[in-house]
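Remarks on the structure that follows.
The values are calculated or read from the model by the stated rules, or taken from the named source; none is laboratory data. Being a predicted model, the structure only gives us computed values, none of them experimental. Here the Cβ positions follow ideal geometry from the backbone for every residue, glycine too, while neighbour counts run over all protein chains shown. Heads up: the accessible areas ignore ligands, DNA and RNA and are worked out on the full protein's heavy atoms, side chains in. Shrake-Rupley method; radii C 1.70, N 1.55, O 1.52, S 1.80 Å.
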Amino acid sequence: MGSKQAMFLGWAAALVTAGVALAGCGTISLEGENPASEAEQAAKRLNDDLGYRDRLREAEYIAATEVPTAAQGSDSEVSATPLAWSGRVFADEKATIDVRFAVRTRDSEPTDGTTWCYRYTLELYRYTSYDEIDCPAVASPPAPSASPPLKLPDDAPARLAAALRDATPETLADRVRTAFPQDGIGVDTVTDKGTLVAAVGVAAERDCLVMIRKPDGKTMPVAFRPVQLEPGETGCRTSLYTHPAQ
C-alpha cells in the first residue's frame, strides 16, 4: 500500500460511524450515510492533517505528497482529487490548494450532487485553514508533481569557504550572497574580532551551514546544536558562533 493510500486510511478512519466500514485500501463504505456530511468530515480531516506548516514548500509539492486519494473499489467511497494549486509556504506568502471530494454511493458514479470542493490556505508557522468553494468544471485535472524542496547545494561548504577566503569585512556579505543567490536561501554575515563569520541556510528546512575565517586565513565550519534551528530559537544566524548556546 502506498504512502498516500496509508494517509487516506488515517483520515478516513475518522469517518467510520454506525453503518460505515472500510471496504478496501483507501475505500470507505457509505451505505446509509449522508454524502454531504461524509465529504465535510473528509475535508476537515485533511485540514487537520495538513495542520501546522513549518517547512518551506511549493503548493504543488504539498498537493502531490500530502493530499491522499482513495483507491477504487466495489463499495461506496470518498475520494480526494487536487484540482488546482498556487503559491508556496514561504515567509509571508500563502499557498492554496483546491481539492474535490467525490462521494460515490453503491452502484453509482459521482455527479454534481455528490462532489464538494474546498480551498486550503497554508502559511508558514500557521495552521492550515479551509473553506468550501464551488466546484469548477474540471473532469480530469492534471496531477501535481513533487519537485524536491529547496535545500543547500551539495557543494555548499566549498562555496562558502571560497567566498570567505576572498572576502574582506566590507565585501563579506556580497561575496556570500553571490555564492548563494537562490531565492529562499538566507545569508547572515558578521566580523567578530577579526574573524569573518557567515551563516547560510534554508530556515524552514532546518538546513544550515556556519563557517568562519580566522585572522590567519584558515576557514573552518562551526558546530552547533540542531535544536537551535527550531522556530523560536536562534535560527541559522552568525550568533550560532558569536553567542553559542550553553
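Sorting 203-211, 172-180 by average packing, meaning the other beta carbons within 10 Å per residue, from highest down gives 203-211, 172-180.
Scalar couplings 3J(HN,Hα) for segment 57-63, obtained by applying the Karplus form with A = 6.51, B = -1.76, C = 1.60 to θ = phi - 60°, are 8, 6, 4, 5, 4, 5, 4 Hz; x denotes Gly and Pro. Accessible surface area normalised per residue over segment 92-207 is 54 Å², counting heavy atoms of protein chains with a 1.4 Å rolling probe. Give the lysines whose C-alpha is closer than 29 Å to that of Lys193, dropping any in the same chain fewer than 8 places away, or say none. Straight-line reach from Lys193, under 29 Å: Lys214, Lys218. Rg and Dmax of segment 92-217, both derived from C-alpha coordinates alone, stand at 23.8, 78 Å. Overall, segment 148-228 carries a charge dipole of about 260 debye about its Cα centre when +1 sits on the Cβ of Lys and Arg and -1 on the Cβ of Asp and Glu, all other atoms neutral. A straight Cα-to-Cα reach below 19 Å connects Lys94 with the aspartates and glutamates Asp48, Asp49, Asp54, Glu58, Glu60, Glu66, Glu123, Asp131, Glu132, Asp183, Glu205, residues fewer than 8 places away in its own chain not being considered.
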